[in-house]
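Worksheet for the structure shown next.
The values are calculated or read from the model by the stated rules, or taken from the named source; none is laboratory data. Quantities reported herein were computed from a predicted structural model and do not represent experimental measurements. Cβ placement follows ideal geometry from the backbone for every residue including glycine, while neighbour counts extend to all protein chains displayed.
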Amino acid sequence: MTFCPKYITICQRTPGSHLNSGELFNLDFSKETENFKIDGKLLNYNNIRGFSCSAFCQIEGDGGFIFGGYDGNECLNQIIKIEEIEPHNANLLSPLPFGLKNATALPSLDKQKIWIIGGIDPLECHAVAFQKINSKGIGFIIGGFDGIGLRSEILIINLNNGNILEEISNVKLLKPKENCGATCFCIDGEKEFLAVFGGWDGYNVINDIELFEILQEPPWLRREESSKKFENLDICGRNRPAVICL
């Protein structure tokens, strides 16, 4: 669980373009502040190509990493590191051996490696095996496209065995969507929250933030009323944004 509720949403596609910019938000709604959007122009984005559909993950104490993506013409092989300490500079690392989009990235349990799983490159698909998940927790599957239409449901999954426990029937997304970014965090060391950013509603990119409190028993999620504070934020709509906690 991440204990720092400061989030960057990076790049991704808006109408007509792929962005190489990022926005920094402070989701610590426990404090009396109206300045939830800290920065709309992150520094040091020279030579980074605009993209969507990247893989991303974070390693506490080290920073956030973004792998590959798609710029509208080709799959990218760039690797970007976002520094954990302010001013959160972004730097290009040595590239991937091939362009890759729509993959998933996660750190190993010892935080010494990052696994890049699946995805599409310009020539062939790559699947990368990863070690067994050793977790006592639960995960959430949020929205998505089922081959016919977009979904607003949230499913809960047992991370130990991969079984879908149930659909969370009393809590749904405000609108059906796919390609949203999501992450979990903890503000005070006790309550845990799920934040959902952006996405695609079938017609337009979405520029909202939905916030839920995570419960340890059914109904598992409860919409956080404090998320209304974010409704009037000037947020850039983003399709499949990379979400990194700093």
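The rows are residues; the columns are (1) of a type in the set (Asp, Glu); (2) within 25 Å of GLU83 (Cα to Cα); (3) modelled with pLDDT of 85 or more.
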| position | (1), (2), (3) |
| --- | --- |
| LEU165 | no, no, no |
| GLU178 | yes, no, yes |
| PHE185 | no, yes, no |
| GLY189 | no, yes, no |
| GLU225 | yes, no, no |
| GLU231 | yes, no, no |
Residues being aliphatic (A, V, I, L, M), part of a strand (DSSP E or B) and surrounded by fewer than 24 Cβ atoms within 10 Å (Cβ to Cβ): count how many of those fall in segment 48-66.
1
Quick test for you: out of ILE235, ILE244, pick the one residue that is assigned to a strand (DSSP E or B) and of a type in the set (Val, Ile, Thr).
ILE244
Subset tally (residues that are over 13 Å from CYS57 (Cβ atoms), in a loop (DSSP other than H, G, I, E, B), among the small types (Gly, Ala, Ser) and modelled with pLDDT under 85) for segment 73-126:
2
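Would you say ALA129 is aliphatic (A, V, I, L, M) and modelled with pLDDT of 70 or more? Working first, answer last.
On the way: aliphatic (A, V, I, L, M): yes; modelled with pLDDT of 70 or more: no.
For ALA129, the condition - aliphatic (A, V, I, L, M) and modelled with pLDDT of 70 or more - is not met.
So that you can scan it fast, the table gives a plain yes or no per residue for (1) under 15 Å from the mean Cα position of the chain (by Cα); (2) exposed (fewer than 13 other Cβ atoms within 10 Å of the Cβ); (3) part of a loop (DSSP other than H, G, I, E, B); (4) not hydrophobic (A, V, I, L, M, F, W, C):
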residue	(1), (2), (3), (4)
THR183	yes, no, no, yes
GLY189	no, yes, yes, yes
VAL196	yes, no, no, no
GLU210	yes, no, no, yes
Starting from segment 148-174, keep only residues that are of a type in the set (Lys, Arg), then list their pairs with residues that are at pLDDT 80 or above whose Cβ atoms are within a distance under 7 Å, requiring at least 6 positions of separation or different chains.
ARG151/GLY143; ARG151/GLY144; ARG151/PRO176; LYS172/SER152; LYS172/GLU153; LYS172/ILE154
